[in-house]
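Reading through the structure tokens given below for one structure.
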Amino acid sequence: MKLPIYLDNNATTPMDPRVLEAMLPYFTDKFGNAASRNHPFGWVAEEAVDYAREQAAKIIGATEKEIIFTSGATESNNLALKGVFEMYKDKGNHIITVVTEHKCVLDSAHHIEKLGGQVTYLPVKPDGLIDLQLLEDSITDKTILISIMYANNEIGVIQPVKEISAIARKHGVLFHTDATQAVGKIPVDVNADGIDLLSFTGHKLYGPKGCGALYVRRKNPRVKVTAQIDGGGHERGMRSGTLNVPGIVGFGKACEIAMQEMATESVRLATLRDKLEKAVTELEETYVNGNTENRLPHVSNVSFKYVEGEGLMMAMKDLAVSSGSACTSASLEPSYVLKSLGLNDDLAHSSIRFGLGRFTTEEEVDYAIEVTKKAVNHLRDLSPLWEMFKEGIDLNSIEWAEH
Amino acid sequence: MAYSEKVIDHYTNPRNVGTLDKAKKNVGTGLVGAPECGDVMRLQIEVDDNNVITDAKFKTFGCGSAIASSSLATEWLKGKSIDQAMEIDNMDIVEELALPPVKIHCSVLAEDAIKSAINDYRVKNGLEPIQLEKSHH
């Protein structure tokens, strides 16, 4: 077993060697510009892009003409929100999204507000899922878009996508989903799920960074977006810029592998995740954040009360995990996602996200369990809050000196 | 964030972890920070008849820098007189531990914990608490 152990697969995944192998020729021998229609170098590149487009379409049940390659999910989300707003703003200026979305969705929504749009930010229930009734009640005759992520990056909860799309359809509103964390991990099908626009990216599914896609529905309804990057009119005019051929080839290959292995891999990861979670929650005052029924198979977000997340990560020095505590930022604000669940700041400061992946082994999980338990116990021995808790002192009764 | 070796050393082998009897008249206790802010530091001093700190203990809930800052503070407190202890400045801690700018807060907390423990001791022994500068953060 090699240290440190990588358990931060929601942030990014290592590239699968099979993906790298597929990409390599496109850096050197097959280096053509896919837009060069007049010689074989361009044809070879174009053919590779076409094939990757099919692979990327297949994993979400789309057709290849519905895939717009981008630089990643951040760009896809920007294009979806801003592009739909600009295209349909004569029809209405209202969009609906959720407080637990990724920053790039929330910031795109803020940008739209500056352009005169109205945005409703739906809250979530304590389990991280949205209230469908509230969603429907928020729709007005000005609503043009609902943007709700498929699965959350911090807690892994999977939103009721089919129910959301049914509501959107009923009211004639477009439905975009940021499926960055879901595609390749769980079955996603744009038709069965009723999705009109969908963002995903290569580096979350063992492909390269810097290459993603936006799915834009072509039929029932035909969706259009206004380009955010102008130029040579690539990607049917929706996203100009010379195609990142090696990246696209890798992205396609990564989609193909993920699709083939998803069924067995998700079972394997859920088993490992459950083992990890069961073991660490044997510690007292330890809580799993978010809905545990509807969530990704490889994610577990756990709050260890009375220890602080960043201090904890330091004690788990051979484990690469992520903390919901934002002690490293100047604001010292804990995760807005965890706070949206109604977690108190102290619990939000005390959380760790474990993100397992394709290359995670059982041996590594066993090691992670041991390290985590040891670290939590060590820090609780150091924690005045733990001591007070053990003495039965109500921490809420203390008048804290705010800093 | 890459920490200095000194932070990691104090974090891994914290000095003077523990609890003194806060009911004792010659023990001063300072509890600063708040759980919501992600840092709570408790620092205690035991003082002899000559106003010299003979023992210091801490417990801290917080990040690595907060733990290291309080651990270092207890080391510095031992053997100092109350007056000398009062002069410990948070920037001395920043310098000693090479804390990055975003972690200066942790050293401020340690300085406040020291002063708060001293004042607790003073009040217990019938002395006026020393007026502290209003928080610098």
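The values are calculated or read from the model by the stated rules, or taken from the named source; none is laboratory data. Model, not experiment: these values are computed from the prediction. Neighbour counts run over all protein chains shown; Cβ positions are idealised from the backbone, glycine included. Quick note on the areas: whole protein, heavy atoms, side chains included, nothing else; ligands and nucleic acids left out. Shrake-Rupley method; radii C 1.70, N 1.55, O 1.52, S 1.80 Å.
Scanning region A:340-391 for residues that are among the small types (Gly, Ala, Ser) and assigned to a helix (DSSP H, G or I) gives A:Ser340, A:Ala348, A:Ala368, A:Ala375.
Going through (1) under 30 Å from A:Leu122 (Cα atoms); (2) within 21 Å of the chain's Cα centre (by Cα); (3) of a type in the set (A, V, I, L, M) one by one, A:Leu272 falls short only on (1).
Among all residues of region A:283-299, there is at least one that is open to solvent by 50 Å² or more (accessible area, probe 1.4 Å), under 30 Å from A:Leu347 (Cβ atoms) and not in a loop (DSSP other than H, G, I, E, B).
If you check B:Ile93 against the conditions, is it buried (at least 24 other Cβ atoms within 10 Å of the Cβ), more than 14 Å from chain A (Cβ to nearest Cβ), within 24 Å of A:Ala315 (Cα to Cα) and in contact with a helix residue (DSSP H, G or I) (Cβ under 8 Å, 6 or more places away or on another chain)?
Yes, satisfied.
Could we say that B:Ser81 is without any contact (Cβ under 8 Å) to a residue 60 or more places away in the chain and in contact with a Ser or Thr (Cβ under 6 Å, 6 or more places away or on another chain) here?
no
When A:Val302, A:Val337 are screened for being on the phi < 0 side of the Ramachandran plot and assigned to a strand (DSSP E or B), only A:Val302 passes. If the condition is being among the basic types (Lys, Arg) and either part of a loop (DSSP other than H, G, I, E, B) or under 14 Å from A:Asn77 (Cα atoms) (or both), then region A:202-226 contributes A:Lys209, A:Arg217, A:Arg218, A:Lys219, A:Arg222, A:Lys224.
Flag not set for A:Glu54, criterion: open to solvent by less than 50 Å² (accessible area, probe 1.4 Å), in contact (Cβ under 8 Å) with a residue 12 or more places away in the chain and acidic (Asp, Glu).
Of all residue pairs spaced 6 or more apart or on separate chains, those with beta-carbon atoms under 8 Å, a first member in region A:355-370 that is farther than 18 Å from A:Pro14 by Cα and a second member that is of a type in the set (Phe, Trp, Tyr) are A:Ala368/A:Phe354. Of all residues in region A:293-317, those being more than 14 Å from chain B (Cβ to nearest Cβ) and free of Cβ contacts under 8 Å to residues at least 12 places away in the same chain number 1. Answer yes if at least one residue in region A:202-211 is surrounded by fewer than 22 Cβ atoms within 10 Å (Cβ to Cβ) and closer than 24 Å to A:Lys103 by Cα, and no otherwise. Yes, region A:202-211 contains at least one residue that is surrounded by fewer than 22 Cβ atoms within 10 Å (Cβ to Cβ) and closer than 24 Å to A:Lys103 by Cα. When each of A:Ser335, A:Ser322, A:Ser340 is tested for being more than 11 Å from every other protein chain (Cβ to nearest Cβ), under 24 Å from the mean Cα position of the chain (by Cα), open to solvent by 10 Å² or more (accessible area, probe 1.4 Å) and more than 21 Å from B:Cys63 (Cβ to Cβ), the lone residue that passes is A:Ser340.
Only one of the listed residues (A:Leu106, A:Leu129, A:Leu145, A:Leu135) is farther than 23 Å from A:Ile59 by Cβ, of a type in the set (A, V, I, L, M) and part of a loop (DSSP other than H, G, I, E, B). That residue is A:Leu129.
Here is a yes/no grid of residues against (1) under 14 Å from A:Thr286 (Cα atoms); (2) touching a strand residue (DSSP E or B) at 6+ places or on another chain (Cβ under 8 Å); (3) within 12 Å of chain B (Cβ to nearest Cβ):
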{"position": "A:Ser350", "(1), (2), (3)": "yes, yes, yes"}
{"position": "A:Arg353", "(1), (2), (3)": "yes, yes, no"}
{"position": "A:Leu356", "(1), (2), (3)": "no, yes, no"}
{"position": "A:Thr361", "(1), (2), (3)": "no, no, no"}
{"position": "A:Asp366", "(1), (2), (3)": "no, no, no"}
{"position": "A:Ile369", "(1), (2), (3)": "yes, no, no"}
{"position": "A:Ala375", "(1), (2), (3)": "yes, no, yes"}
{"position": "A:Glu387", "(1), (2), (3)": "no, yes, yes"}
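Being open to solvent by 40 Å² or more (accessible area, probe 1.4 Å), under 13 Å from A:Leu319 (Cβ atoms) and charged (D, E, K, R) is true for just one of A:Lys390, A:Lys374. Which residue is that?
Just one listed residue meets the conditions, A:Lys374.
Selection over region B:98-130 of residues that are more than 14 Å from every other protein chain (Cβ to nearest Cβ) and in contact with a Phe, Trp or Tyr (Cβ under 9 Å, 6 or more places away or on another chain) gives a count of 2. Within region A:389-403, the set of residues being at the interface with another protein chain (Cβ under 9 Å from one of its Cβ atoms) and within 17 Å of A:Lys305 (Cβ to Cβ) comprises A:Leu395, A:Ile398, A:Trp400. Of everything in region B:8-57 that's open to solvent by 50 Å² or more (accessible area, probe 1.4 Å) and among the β-branched types (Val, Ile, Thr), which residue is farthest from the other protein chains (Cβ to nearest Cβ)? Applying the filter and picking the extreme gives B:Thr54. Pairs meeting the criteria (first residue in region B:22-47 and more than 12 Å from B:Ala113 (Cα to Cα), second residue of a type in the set (Val, Ile, Thr) and open to solvent by 10 Å² or more (accessible area, probe 1.4 Å), beta carbons under 6 Å, at least 6 apart or on different chains) are B:Lys22/B:Thr29; B:Glu46/B:Thr54. Output the residues belonging to region A:93-103 that are open to solvent by 10 Å² or more (accessible area, probe 1.4 Å) and either assigned to a loop (DSSP other than H, G, I, E, B) or closer than 18 Å to A:Ser76 by Cβ (or both). A:Asn93, A:Val99, A:His102, A:Lys103 - these are the residues of region A:93-103 that are open to solvent by 10 Å² or more (accessible area, probe 1.4 Å) and either assigned to a loop (DSSP other than H, G, I, E, B) or closer than 18 Å to A:Ser76 by Cβ (or both). Within region A:99-114, the only residue that satisfies the criterion of being closer than 18 Å to A:Leu129 by Cβ and touching a Phe, Trp or Tyr at 6+ places or on another chain (Cβ under 7 Å) is A:Val99. Each residue in region A:13-33 was checked for being open to solvent by less than 40 Å² (accessible area, probe 1.4 Å), within 14 Å of A:Ala254 (Cβ to Cβ) and either free of Cβ contacts under 8 Å to residues at least 60 places away in the same chain or small (Gly, Ala, Ser) (or both), and 1 pass. For region A:166-179, filtered to residues that are in contact with an Asp or Glu (Cβ under 6 Å, 6 or more places away or on another chain) and open to solvent by 10 Å² or more (accessible area, probe 1.4 Å), the residue that is nearest to A:Ile67 (Cα to Cα) is A:Leu174. Surrounded by 14 or more Cβ atoms within 10 Å (Cβ to Cβ) and of a type in the set (Gly, Ala, Ser), is that true of B:Gly64? Yes, satisfied.
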